[in-house]
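The values are calculated or read from the model by the stated rules, or taken from the named source; none is laboratory data. Quick caveat, the model's predicted, so the values are computed rather than measured. Glycine also receives a Cβ, built like all others from the backbone with ideal geometry; neighbour counts cover every protein chain displayed.
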Amino acid sequence: MSHTTPMTVPLAEFLETFSDALCTTTANQLTPQFTPELLETARPILQSFGEPLFPAQENVAAALASAFLHHNSAICSAEMSTGKTRIGTAVAALLRSRRTLVFAPPHLVGKWKDEIEALLPNSHAAILRSISDVRQFADLPTEGPWPLFGILSRERAKLSYAKRCALVPKATRIERLTYQLFVCPQCGIRVDDKDGVPQTPRTLKPGTVCKNCHSPLWTFDPEGPRRVALADYIGKKHPQLFDLLLTDEIQEEKAIGSAQGLAFGLLVQKCRRVVGLTGTLTSGKATSIFHILWRMNPALRAAFKHTDEPRWVDLYGTWETRTTQSDVHKVLLIGKESKRRVHVTVRERPGISPHIIPHLVSNTAFFQLRDLGIALPPYKEHVKECRFTSQLSANYERLKQAARQLIPLGRRTRDGHLVSCTIQALLAYPDRATQGETITDRNGVTRFHLDPLPADVILPKEQDLIDLILSERALNRRVLVYCTHTQTKDITARLHRICSAASIRSLILPASVAPERRMKWITDRVKQGLDTLFCNPKLVSTGLDLLDFPTIAWMEAEPSPYIVRQGSRRSWRIKQTLPIHVHYFLYKGSSQEHAWALVAAGINSALLTEGDLTAEGLNQYQQPDDFMTQIVKQVLDRNPTVLSAESMFAQLATRYEQDQASMSPEAQRLATTPTYEEIPPIRPLLTSANIKNRTRTHYEDKTQLNLFAA
């Protein structure tokens, strides 16, 4: 009996070898829903726009509109800067929607209004901030050539009466020291998070309930303002007002019980049709898309309950089972006997089965930047490897040796605070060495301490940043600097001082600037004269067009590939004319290098799941362990193999070059022609100081949709 040895073939090679047979089989099994005839039917409307769409945008808009022949919802999964706002507006115009509700992040409300009025001549777009705004909008006539657009910030949609934390302070003595802890007002049990860290009124998340007695830990604040959730008001008073719901950044509505997710679910049921717009449809886990599809798809709601996440993962995701064993002694009447206790934990890990495709392929349009076929300036990423000074290297080695003792201790005692605090110290200490470092356990006991370096010492990474800013300023290029730690471990204030000492005009974007005002705040400061802007990437990672900052620098490692992808593309937009350079700063041989390599690997995996294949094939649907687990593994290895961030980002660069090669020759020529003079000269800086879903209204169109009909 002979045995055949299986042969492993890279996925890209397999597809290239059998592409003809696969395409033939696919064409026989799948019938395209969008055809050129539908596009021609839509063309008279598209040609009446105030600003013409790119041909690829017209195709996507017409395809999404045609999806409503068979469905009541559609999704546009498009890469950053492909014009999702314009595409969504075009879909509303093609569907001849009388009134369209735009559900958007607060900082994009103004952008939506401007884009709509520019695309559709003499159209009316109103920002809905209050009940009176909704009433006035409902009274507007609908006889015009274009839909009426009501733009609703998700923050306004979910607002309700003010709440305050209900935790009760309680003094506790531990090892002769007195601590103030906070307990549940009903059962008196200390309130901890999932890692066992004691919660305070400052750290407790809104909506949290006691794990012991399930009592709410937030209560009504009689002294606070009474604000009405506009989504709830629309659902009750105007349940049939809107024909179409356009939801921007729909990936942020994925949570099962978040206020904005519930507001989105309510609005879906009050609108006849729904379009979701996103640059990142999924984070890699099956559950990250479950509640989005469940809220948008009536057939999915009939097949699954909203609590059926485990069954969804069984069908379309990946489970990871961890088994740990520990020896314990059990005292019996006959003496002492050793027993083995087995702990089994099951959790979801990244990975989505291709079997999920039928839930997406019929009403989802996938769109990438290269599909536009237009000339964009070059985009290049650089890894800046900084070297430790002797003192910084000695301190970091002490920290690393301590981490190899503290992480196992935290795991044995189930002290998640100790483990996470240690990992954060490994990643962040080199950037805040002048602040020192202290690692504590969940009880507040100090486990490790490093004294701060002198405040007048310029760290290597800081010096390299100054050099970068000065060299870019000589070319009339502004620099946007991202810092992850901007609160308790803030480094932006120090960087601002150092830049000021080097005659660099810099500012810090504070989180206190309202989201809807951030774009104007930045634009005004740029006009006043600015070399560098410091901010947390989360403040600007979605939607904003920061064309004035062609150079971007990441000073600290950001664990989320989603935020890194979004943040790095803030200035690589359709209207950009300058080459874009993104710099990732790290200390060579530190955990920062390993962290950035993991982020680059995550971005590679995300690109692969979106359809970009390379020679190594689908990096596996089973993606590697999460960020923190990988860092822990690297730290605990006595002879660690630190992933090379430079080589990982080189792989990304190769992929970007392949995208560039897919452009037309003329587009390539324009994209590689730098035009530094486009940025005006920099002038001196001026000084300046749980909504409930009680009613359900679902529209069922019994007649076939007369697409694009007047």
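Take the residues in the range 559-571 that are assigned to a loop (DSSP other than H, G, I, E, B) and surrounded by fewer than 23 Cβ atoms within 10 Å (Cβ to Cβ), then tell me which one is modelled with the highest pLDDT. If we take residues in the range 559-571 being assigned to a loop (DSSP other than H, G, I, E, B) and surrounded by fewer than 23 Cβ atoms within 10 Å (Cβ to Cβ), then Arg569 is modelled with the highest pLDDT. Residue count for the range 528-540, restricted to those that are buried (at least 23 other Cβ atoms within 10 Å of the Cβ) and polar (S, T, N, Q): 2. If you take the residues in the range 284-296 that are closer than 22 Å to Arg349 by Cβ and at pLDDT 90 or above, which one is surrounded by the most Cβ atoms within 10 Å (Cβ to Cβ)? Looking at residues that are closer than 22 Å to Arg349 by Cβ and at pLDDT 90 or above, I get Ile292.
If you filter the range 19-52 down to residues that are surrounded by 12 or more Cβ atoms within 10 Å (Cβ to Cβ) and modelled with pLDDT under 80, you find that the one that is nearest to the chain's Cα centre (by Cα) is Gln33. Per the conditions (1) of a type outside the set (A, V, I, L, M); (2) surrounded by 13 or more Cβ atoms within 10 Å (Cβ to Cβ); (3) modelled with pLDDT of 85 or more; (4) not in a strand (DSSP E or B), the sole criterion not satisfied by Arg370 is (3). Looking across the range 410-422, the residues that are buried (at least 16 other Cβ atoms within 10 Å of the Cβ), at pLDDT below 90 and of a type outside the set (Gly, Ala, Ser) come down to Asp415, His417, Val419.
For the range 439-446, does any single residue satisfy the condition of being more than 31 Å from the chain's Cα centre (by Cα), assigned to a strand (DSSP E or B), outside the structural domain of Arg86 (by TED's automatic domain parsing) and not aromatic (Phe, Trp, Tyr)? Looking through the range 439-446, at least one residue is more than 31 Å from the chain's Cα centre (by Cα), assigned to a strand (DSSP E or B), outside the structural domain of Arg86 (by TED's automatic domain parsing) and not aromatic (Phe, Trp, Tyr). Residues that are among the hydrophobic types (A, V, I, L, M, F, W, C), within 20 Å of Pro105 (Cβ to Cβ) and part of a loop (DSSP other than H, G, I, E, B) within the range 229-255 comprise Ala229, Phe242, Ala255, listed in sequence order. Here Lys384, Lys339 are screened, and the one residue that is touching a strand residue (DSSP E or B) at 6+ places or on another chain (Cβ under 7 Å), modelled with pLDDT of 80 or more and outside the structural domain of Ala78 (by TED's automatic domain parsing) is Lys384.
Looking at the range 63-158, the helices (runs of 4 or more DSSP H) lying wholly inside it that each contain 2 or more residues that are touching a His at 6+ places or on another chain (Cβ under 8 Å) sit at 131-138.
State which residue pairs qualify: first residue assigned by TED's automatic domain parsing to the domain that holds Ser81 and inside the range 108-119, second residue among the aromatic types (Phe, Trp, Tyr) and not in a helix (DSSP H, G or I) in any location, beta carbons under 6 Å apart, and separation of 6 or more residues or different chains. Close Cβ pairs satisfying both conditions: Ile116/Phe149; Leu119/Phe49. Is at least one residue of the range 474-482 charged (D, E, K, R), assigned by TED's automatic domain parsing to the domain that holds Asn536 and assigned to a helix (DSSP H, G or I)? Checked the range 474-482: no residue is charged (D, E, K, R), assigned by TED's automatic domain parsing to the domain that holds Asn536 and assigned to a helix (DSSP H, G or I). Summed over the range 123-151, the residues that are among the polar types (S, T, N, Q) and closer than 13 Å to Leu241 by Cβ give a count of 2. Scanning the range 483-514 for residues that are part of a helix (DSSP H, G or I) and surrounded by fewer than 18 Cβ atoms within 10 Å (Cβ to Cβ), we see that the one that is farthest from the chain's Cα centre (by Cα) is Ala501.
Residue pairs whose Cβ atoms lie under 6 Å apart, sitting 6 or more positions apart in sequence or on different chains, and linking a residue in the range 520-548 that is within 13 Å of Ser568 (Cα to Cα) and in the same structural domain as Gln576 (by TED's automatic domain parsing) to a partner that is among the β-branched types (Val, Ile, Thr) and outside any loop (DSSP other than H, G, I, E, B), are Pro537/Ile563; Ser541/Ile563. Which is basic (Lys, Arg) and over 30 Å from Thr577 (Cα atoms), of Arg370, Arg404? When all the criteria are applied, what remains is Arg404.
Which residues, taken from the range 528-542, are farther than 14 Å from Arg473 by Cβ, in contact with a Lys or Arg (Cβ under 8 Å, 6 or more places away or on another chain) and either at pLDDT 95 or above or not in a loop (DSSP other than H, G, I, E, B) (or both)?
Of everything in the range 528-542, those that are farther than 14 Å from Arg473 by Cβ, in contact with a Lys or Arg (Cβ under 8 Å, 6 or more places away or on another chain) and either at pLDDT 95 or above or not in a loop (DSSP other than H, G, I, E, B) (or both) turn out to be Gln528, Leu539.
Checked against the criterion of being at pLDDT below 80 and out of contact with any Gly (no Cβ under 7 Å at 6 or more places or on another chain), the candidates Leu177, Leu204, Leu181, Leu167 yield just one match: Leu177.
Of all residues in the range 194-217, none are aliphatic (A, V, I, L, M), over 30 Å from His107 (Cα atoms), out of contact with any Leu (no Cβ under 9 Å at 6 or more places or on another chain) and surrounded by fewer than 13 Cβ atoms within 10 Å (Cβ to Cβ). Residue pairs whose Cβ atoms lie under 6 Å apart, separated by 6 or more positions or on different chains, with the first residue in the range 433-448 and buried (at least 16 other Cβ atoms within 10 Å of the Cβ) and the second modelled with pLDDT under 90 and part of a strand (DSSP E or B), are Asn443/Ile174.
Please tell me if Leu281 is out of contact with any Cys (no Cβ under 8 Å at 6 or more places or on another chain), crowded, with 21+ Cβ neighbours inside 10 Å and part of a helix (DSSP H, G or I).
So Leu281 does not fit the description; no.
If you check Ser541, Ser560, Ser500 for being within 30 Å of Val457 (Cβ to Cβ) and polar (S, T, N, Q), only one passes: Ser500. I'm checking my understanding of the structure. Among residues of the range 256-278 that are assigned to a loop (DSSP other than H, G, I, E, B) and over 22 Å from the mean Cα position of the chain (by Cα), which one is surrounded by the most Cβ atoms within 10 Å (Cβ to Cβ)? For the range 256-278, the residue satisfying everything is Cys271. For the range 176-204, the tally of residues that are part of a strand (DSSP E or B) and touching a Pro at 6+ places or on another chain (Cβ under 9 Å) stands at 7.
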